[in-house]
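To keep things clear, I will list the structure first and then write my remarks on it.
The values are calculated or read from the model by the stated rules, or taken from the named source; none is laboratory data. It should be emphasised that the depicted structure is a prediction, and the values quoted were computed from it without experimental measurement. Positions of Cβ are generated from backbone atoms using ideal geometry, with glycine treated the same way; all protein chains shown enter the neighbour counts. All accessible areas refer to the heavy atoms of the entire protein, side chains included, with ligands and DNA or RNA removed. Shrake-Rupley method; radii C 1.70, N 1.55, O 1.52, S 1.80 Å.
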Amino acid sequence: MKNRRLFWRIVDTIEAAIASGEYPVGSRLPPERELAEKFEVSRPTIREAIIALEVREKVEVKTGSGVYVVDHQQKPVAVSNVNAFELTQARALVEGEIAALAAKTITAEELEKLHETLVMMKDMQNVEEADELFHQIIAYSTRNGALINLFENMWALRSSSNEIIEDYNIVCSTDNNKTLAEHTAIYQALSLHDAAEARLAMHKHFNRLINVLFDKLEQQALEEVRRKNSANRDLYSIESLVKTKG
């Protein structure tokens, strides 16, 4: 989104530190408490950032030992000029198939992480970040590099133009309860390892988003008509003529 919240700024900062060699491959990140003090945030916020880094395959969490940097090079993202409708339709097609494949490959640990994003969304904590993390976990659970690359490229397109940023800001701010219900339906299908239902649930999710975008366009068109009518009413009103003549 246009203004990334603190959660993702921490992720970006740690990723940059990994890329610069401050945290080389195989090294252990500072303890959660130290990171919380360094970034001046709560420890739960650091945990969320670590989950995101783990999903992106930047780190590996070893129980009882710590968080270690792994060897995973980010692929360059191709960005082209598309609109929000094209992007959402493409995401529906690709992420529908990603969900279908993930239903067969997702692990119990990944399902647990997926459930954590639902809790974040329900508690209204970092809703936008929870949404991105939800879709990331599903994509990465396929273990298909081509699909993961497609997913990352499409997500990057969300911030490729001001038009898409503004459109998705509208979508993300529209009825969090419906988004939570749709994510829950996707999660339940994945937990049952039902590929057809996971695909359908993902398609339903994106179909609503497309309808929200159309509703937004209709509202903007109506507001423009009202604005023009108001200007014309002032121009041609008798009161206006009388005042001008007087």
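Largest GNM mean-square fluctuation among Asn162, Asn83, Asn229, using the chain with Cα springs under 10 Å: Asn229.
How would the stretch 83-146 be classified by its alpha-carbon gyration tensor: rounded, prolate or oblate, with rounded meaning a/c under 1.5 and the a/b versus b/c comparison settling the rest? Oblate. Magnitude of the charge dipole for the chain, about its Cα centre and with charges confined to Cβ atoms of Lys, Arg (+1) and Asp, Glu (-1), is about 600 debye.
Is it possible to state the helix-based mean residue ellipticity at 222 nm for the chain, with each DSSP H run of 4+ residues giving -39500 (n - 2.57), the sum divided by total residues, to the nearest 500 deg cm²/dmol? What is it? Mind showing how you got there, number by number?
Values: 11 runs with 178 residues, N = 246.
One gets -24000 deg cm²/dmol as the mean residue ellipticity at 222 nm.
The shape of the stretch 33-131 comes out prolate: with a ≥ b ≥ c from the C-alpha gyration tensor, a/c is at least 1.5 and a/b beats b/c. Placing unit charges on the Cβ atoms of the charged side chains and taking the dipole of the chain about its Cα centre, the candidate lying farthest along the positive direction among Phe39, Val225, Leu87 is Val225.
Under 17 Å between C-alpha atoms is the cut-off here; go through the chain and count lysine pairs that meet it, provided they're at least eight residues apart or on different chains. So the count of such lysine pairs works out to 8. Surface exposure of the chain, expressed per residue as accessible area with a 1.4 Å probe, stands at 56 Å².
With contacts defined as alpha carbon pairs under 8 Å and 6 or more residues apart, what's the relative contact order of the chain in percent?
Working: 254 pairs, mean separation 54.0, N = 246.
The value is 22 percent.
About its Cα centre, the stretch 88-155 has a charge dipole of approximately 280 debye under the convention of +1 per Lys or Arg Cβ and -1 per Asp or Glu Cβ, with nothing else charged.
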